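A.B. asks: Just dropping this structure here.
The values are calculated or read from the model by the stated rules, or taken from the named source; none is laboratory data. Here the structure is a predicted model, which means the values were calculated and not measured. For neighbour counting, all protein chains shown are included, and Cβ atoms are generated from backbone atoms with ideal geometry for every residue, glycine included.
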Amino acid sequence: MSIRALELYDAVKMEMLLAAREMGIRALPEVHDLFRHVVPPGRRENLKKQVSGIIPDLMMALPVDGRGTVCADTLLEVKTVTFTTDCAAYAGARRATPVSAVKARADGLELSTERDLRKRDEAWCGTAAGAVGPMLARFREFGKLRGLVFGALGEASPDVHKLIGTLAYSTRAPRRTGWRAEARRRWRLQGVCRGC
């Protein structure tokens, strides 16, 4: 990842974290202790060294009932898609739409994370190949991984738009309520995403 792409990634992740907290939603970055209690004690040191691909970028307590009264911890993975002349993500998108590149990237995140977790389960926990180990089981307790993917052309994955709506509608937001307040919050969050 280039320096510019890393800066963009960090900026996007921090803005989403700060926006959630501003709206009164509990949000945690880089949830390193997520698998600690399911990994055997002798292998826990690996969690400090070899975490690429298995530690989610964010965990937020998002509403599951539509009103914001019942929340569940949800894992979110932030990714950026940069544009270069030989960029595979945008190659097919040129024939379709730029949104295709971010949607394709977002759609593959959960499968990619599960594949990495299976490898760690086999190596660290002694899980048989193809079986669901303790790390993968823990990951699946949180439901679907939400992919927050931002593209080089200002586009965002569907999960970004859903999250913006959730944050804007949040009844936990320490602001005025009503459709105007919700619209202002939605516009602010969309501006944050475009600015990144």
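A.B. asks: Just name the residue that is modelled with the lowest pLDDT out of those in segment 145-170 that are among the aliphatic types (A, V, I, L, M) and in contact with a strand residue (DSSP E or B) (Cβ under 7 Å, 6 or more places away or on another chain). First the steps, then the outcome.
C.D. replies: We begin by selecting, within segment 145-170, every residue among the aliphatic types (A, V, I, L, M); these are 145, 148-149, 152-153, 156, 160, 163-164, 167-168.
Applying the additional criterion that residues be in contact with a strand residue (DSSP E or B) (Cβ under 7 Å, 6 or more places away or on another chain) yields 145, 148-149, 152, 156, 160, 163.
Working: Leu145: 95, Leu148: 89, Val149: 87, Ala152: 74, Ala156: 84, Val160: 86, Leu163: 85.
Ranking the candidates gives Ala152 first.
A.B. asks: I would also like to ask the following. When the residues of segment 92-107 are filtered to those that are out of contact with any Gly (no Cβ under 8 Å at 6 or more places or on another chain) and part of a loop (DSSP other than H, G, I, E, B), which remaining residue is modelled with the highest pLDDT?
C.D. replies: We begin by selecting, within segment 92-107, every residue out of contact with any Gly (no Cβ under 8 Å at 6 or more places or on another chain); these are 92-97, 103.
Subset that is part of a loop (DSSP other than H, G, I, E, B): 92-97.
Values: Gly92: 53, Ala93: 49, Arg94: 49, Arg95: 49, Ala96: 52, Thr97: 62.
By that ranking, first place goes to Thr97.
A.B. asks: Of everything in segment 116-144, what is among the small types (Gly, Ala, Ser), part of a helix (DSSP H, G or I) and either in contact with an Asp or Glu (Cβ under 9 Å, 6 or more places away or on another chain) or modelled with pLDDT of 95 or more (or both)? Give them in sequence order. Spell out the reasoning first.
C.D. replies: Initially, segment 116-144 is screened for residues among the small types (Gly, Ala, Ser), giving 123, 126, 128-131, 133, 137, 143.
Okay, now just the ones that are also part of a helix (DSSP H, G or I), so 123, 137.
Once the filter is applied, which keeps residues that are among the small types (Gly, Ala, Ser), part of a helix (DSSP H, G or I) and either in contact with an Asp or Glu (Cβ under 9 Å, 6 or more places away or on another chain) or modelled with pLDDT of 95 or more (or both), segment 116-144 yields only Ala137.
A.B. asks: Identify the single condition in (1) at pLDDT 80 or above; (2) in a loop (DSSP other than H, G, I, E, B) that Val51 does not satisfy, given that it satisfies every other one.
C.D. replies: Every condition holds for Val51 apart from (1).
A.B. asks: Return only the number of the condition from (1) over 13 Å from the mean Cα position of the chain (by Cα); (2) surrounded by 16 or more Cβ atoms within 10 Å (Cβ to Cβ); (3) closer than 12 Å to Leu167 by Cα; (4) not aromatic (Phe, Trp, Tyr) that Val39 does not satisfy.
C.D. replies: (3)
A.B. asks: Check off (1) under 12 Å from Arg120 (Cα atoms); (2) loosely packed, with under 15 Cβ neighbours inside 10 Å for His32 and give me the number that stays unchecked.
C.D. replies: Looking at each condition in turn, His32 falls short on (1).
A.B. asks: Let me ask you something else. Please count how many residues of segment 63-91 are in a strand (DSSP E or B) and either hydroxyl-bearing (Ser, Thr, Tyr) or at pLDDT below 80 (or both).
C.D. replies: Number satisfying all stated conditions: 3.
A.B. asks: Of all the residues that make up segment 9-44, how many are acidic (Asp, Glu) and either outside any helix (DSSP H, G or I) or under 16 Å from Arg146 (Cα atoms) (or both)?
C.D. replies: So in segment 9-44, the residues acidic (Asp, Glu) come out as 10, 15, 22, 30, 33.
Of the ones still in play, those that are also either outside any helix (DSSP H, G or I) or under 16 Å from Arg146 (Cα atoms) (or both) are 30.
Within segment 9-44, residues that are acidic (Asp, Glu) and either outside any helix (DSSP H, G or I) or under 16 Å from Arg146 (Cα atoms) (or both) number 1.
A.B. asks: For a quick check of your reading of the model, give me the residue pairs whose first member lies in segment 7-35 and is of a type in the set (Phe, Trp, Tyr), whose second is assigned to a helix (DSSP H, G or I) and modelled with pLDDT of 80 or more, with beta-carbon atoms closer than 6 Å and at least 6 apart or on different chains.
C.D. replies: Filtered contacts from segment 7-35: Phe35/Met135; Phe35/Arg138.
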